[in-house]
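A.B. asks: Before anything else, here's the structure in question.
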Amino acid sequence: MQDGEIVNTTMEPITVKKVQFSDWEFDWYKVAQKPDMQVYALKADGDERGQGLISMKKEESNKAYFIDVVESAPWNNKHHKKFKNKVYEGVGVHLFAYVCKCNRDDGLDGFVYFDAKSKLIDYYRFKLGAVQVGSQRMYIPKDSAERLVAGYYEDKKR
């Protein structure tokens, strides 16, 4: 939260309906229609709204998770025109941490990868410890993934 309070959260798989998330940047209905993708919502205790969404798929053959789309809710996005102040901080990083946790819990090699928007590459390097391996392809190395999981799931109860 803006006041620095840590709130408990849960991640829930969701089924996206065509009319949901109309104020969001991405068309989450189209995102959810992609093969093998599962959309998860980050929810804060006491608030049924999704604070952020992530689309991901487990790639057993690659021992990896691929992240397709990540987005903080408009009220948690400082760039959204309707909302001036964020309700919750750290939503995007929390979503990435969740995928790193899934990877670890599934006993995979700790490999999580995604394609970044060009303007976010430096942000992902700094916030996630991600490494760029192509023009926009990035991955989160195992040590960075472990730090994210520890920060969001072990060091503090969220």
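A.B. asks: What are the residues in region 126-147 that are touching a strand residue (DSSP E or B) at 6+ places or on another chain (Cβ under 7 Å) and under 26 Å from Val7 (Cα atoms), if any?
C.D. replies: Leu128, Gly129, Ala130, Ile140, Ala145
A.B. asks: Does Ile67 satisfy the criteria of being buried (at least 18 other Cβ atoms within 10 Å of the Cβ), of a type in the set (A, V, I, L, M) and under 29 Å from Asp23 (Cα atoms)?
C.D. replies: Considered against the rule, which asks whether it is buried (at least 18 other Cβ atoms within 10 Å of the Cβ), of a type in the set (A, V, I, L, M) and under 29 Å from Asp23 (Cα atoms), Ile67 comes out as yes.
A.B. asks: Starting from region 137-150, take each residue that is closer than 25 Å to Ser118 by Cβ and list its partners that are part of a helix (DSSP H, G or I), counting only C-beta distances under 6 angstrom and pairs at least six apart or across chains.
C.D. replies: Hits for this filter: Met138/Tyr124; Ile140/Leu128; Ala145/Cys100; Leu148/Ala97; Leu148/Cys100.
A.B. asks: Please specify each residue of region 109-151 satisfying the condition of being under 25 Å from Asp45 (Cα atoms), open to solvent by less than 70 Å² (accessible area, probe 1.4 Å) and touching a Gly at 6+ places or on another chain (Cβ under 8 Å).
C.D. replies: Across region 109-151, the qualifying residues are Ala145, Leu148.
A.B. asks: On to the next question. Assess whether Lys142 counts as being more than 15 Å from the chain's Cα centre (by Cα) and modelled with pLDDT of 90 or more.
C.D. replies: Taking the combined requirement at face value, the residue satisfies it.
A.B. asks: The conditions are (1) over 19 Å from Ser55 (Cα atoms); (2) in contact with an Asp or Glu (Cβ under 6 Å, 6 or more places away or on another chain), and Ala150 fails exactly one of them. Which is it?
C.D. replies: So the condition that Ala150 fails would be (2).
A.B. asks: Could you identify the single residue in Lys101, Lys81 that is closer than 28 Å to Tyr29 by Cβ, of a type outside the set (Val, Ile, Thr) and modelled with pLDDT under 90?
C.D. replies: From the options Lys101, Lys81, the qualifying one is Lys81.
A.B. asks: For region 40-158, list the helices (runs of 4 or more DSSP H) that sit wholly inside it and hold at least 1 residues that are among the small types (Gly, Ala, Ser); which are they?
C.D. replies: Result: 91-105, 142-149.
The values are calculated or read from the model by the stated rules, or taken from the named source; none is laboratory data. Just so it is clear, the model here is predicted, and its values are computed rather than measured. Because the Cβ atoms are built from the backbone with ideal geometry, glycine has one as well, and the counts that use them run over all protein chains shown. The protein model used for the area step is the full one, side chains on, heavy atoms only, and it has no ligands, DNA or RNA in it. Shrake-Rupley method; radii C 1.70, N 1.55, O 1.52, S 1.80 Å.
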